[in-house]
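One structure below.
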Amino acid sequence: MKTISCLSPAKINWFLHITGRRDNGYHELQTLFQFIDLADTLHFELTNDANISLNGDLLDISAQNNLIYKAAQALMPYNKQNFGIKMRVEKRIPAGAGLGGGSSNCATTLLILNKLWQINLSIDQLAEIGVKLGADVPVFVRGTTAFAQGIGEFLYPTTVPEQSLLLAIAKNCHVSTAELFADKNLPRNTAKIDFSHYSFEKTGNDFESIAKARFAAVAKTLDWLIEYAPSRMTGSGAACFALFDTPEQAQKVAKLAPNDINAYVVSTLNTSPVHALIAEQF
């Protein structure tokens, strides 16, 4: 039996603009995704019984409702050799923080099972399956830094200089994406930008003002970070980040974090470790 363990990375959004709303209620956006080296670990053990099992850090979600399990289910129709899989997840990416942990785990499962089950779907085909499971899944499937627009389905690969960040997340603060999207004060007509003219300074996160108003812990985190470096909320969750030139600078500030804020020094990555592992192992 073949076993494999794989890091499943978090992501940050360097910016996030809500540029419109479709007739079906979905919001259109522009954003820039980049991976960071904060990661969960997924373990896979190939079996011959055509069964799917999942255990580990499931965060009070039943195995059948977990995106890891759903990703395996989505590939089962292509599994002509009737392989099964035993999976276990070790979580390090905080839930509800806007770091994409669930989407990352989903994409990692699609990529690894595509190889272990000898399905050999293309990346485009896996991304098409992934978008039905979650809007952010395709960027993790494709595995490179990317601009995104539409509802997140249009991805444009790019590279951004890799650097050190201080990631700060208020303890016991879970921000609901659905709640933020439903807020009547959410900006929904931010002007689209030309990606070739992107700069951090000229962009922002349209969720940030809403999250600060609704969640005092998010406001406190941003107020603390901005004392030391340019800072922003990432995604639609509780996580915020500040930019530093070196990990040593970030580490000095991390040691000053208030007791109710978890601080992590992380590095950005232009390539997902999942793709690096697949290239090495398969």
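The values are calculated or read from the model by the stated rules, or taken from the named source; none is laboratory data. Please read these numbers as outputs of a predicted model, since none were measured by experiment. Here the Cβ is made from the backbone with ideal geometry for all residues, glycine too, and neighbour counts use every protein chain on show.
Numbers below:
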| read-out | value |
| --- | --- |
| Residue list for the stretch 215-229, restricted to those being touching a helix residue (DSSP H, G or I) at 6+ places or on another chain (Cβ under 6 Å) and either acidic (Asp, Glu) or touching a residue at least 24 places away in the same chain (Cβ under 8 Å) (or both) | VAL218, TYR228 |
| Pick from the stretch 28-43, criterion of a type in the set (Val, Ile, Thr) and crowded, with 18+ Cβ neighbours inside 10 Å, ranking: nearest to LEU186 (Cα to Cα) | THR31 |
| Residue list for the stretch 226-282, filter: within 16 Å of ASP37 (Cα to Cα), assigned to a helix (DSSP H, G or I) and of a type in the set (S, T, N, Q) | GLN251 |
| Residue list for the stretch 138-177, filter: out of contact with any Pro (no Cβ under 8 Å at 6 or more places or on another chain) and basic (Lys, Arg) | LYS171 |
| Selected residue (criterion: nearest to the chain's Cα centre (by Cα)) from residues of the stretch 44-68 that are surrounded by fewer than 12 Cβ atoms within 10 Å (Cβ to Cβ) and of a type in the set (D, E, K, R) | ASP60 |
| Hits in the stretch 168-192 (condition: among the hydroxyl-bearing types (Ser, Thr, Tyr) and either under 20 Å from ALA148 (Cβ atoms) or not in a loop (DSSP other than H, G, I, E, B) (or both)) | THR177, THR190 |
| Residue check for LYS70: out of contact with any His (no Cβ under 9 Å at 6 or more places or on another chain), under 15 Å from SER104 (Cα atoms), among the basic types (Lys, Arg) and part of a strand (DSSP E or B) | no |
| Checklist (1) modelled with pLDDT of 95 or more; (2) outside the structural domain of ILE112 (by TED's automatic domain parsing); (3) of a type outside the set (Asp, Glu) applied to LYS184, failing item | (1) |
| Selection status of ILE169, crowded, with 19+ Cβ neighbours inside 10 Å and within 18 Å of the chain's Cα centre (by Cα) | yes |
| Options MET87, MET76: the member that is among the hydrophobic types (A, V, I, L, M, F, W, C), surrounded by fewer than 22 Cβ atoms within 10 Å (Cβ to Cβ), at pLDDT 95 or above and over 30 Å from LYS192 (Cα atoms) | MET76 |
| Odd one out for THR108, checked against (1) part of a helix (DSSP H, G or I); (2) surrounded by fewer than 20 Cβ atoms within 10 Å (Cβ to Cβ) | (2) |
| Among (1) surrounded by fewer than 20 Cβ atoms within 10 Å (Cβ to Cβ); (2) under 17 Å from the mean Cα position of the chain (by Cα), the one test that TYR264 misses | (1) |
| Any chance LEU58 is touching a strand residue (DSSP E or B) at 6+ places or on another chain (Cβ under 8 Å) and modelled with pLDDT under 95 | yes |
| Of the criteria (1) touching a residue at least 40 places away in the same chain (Cβ under 8 Å); (2) buried (at least 16 other Cβ atoms within 10 Å of the Cβ), which one ASN114 fails | (1) |
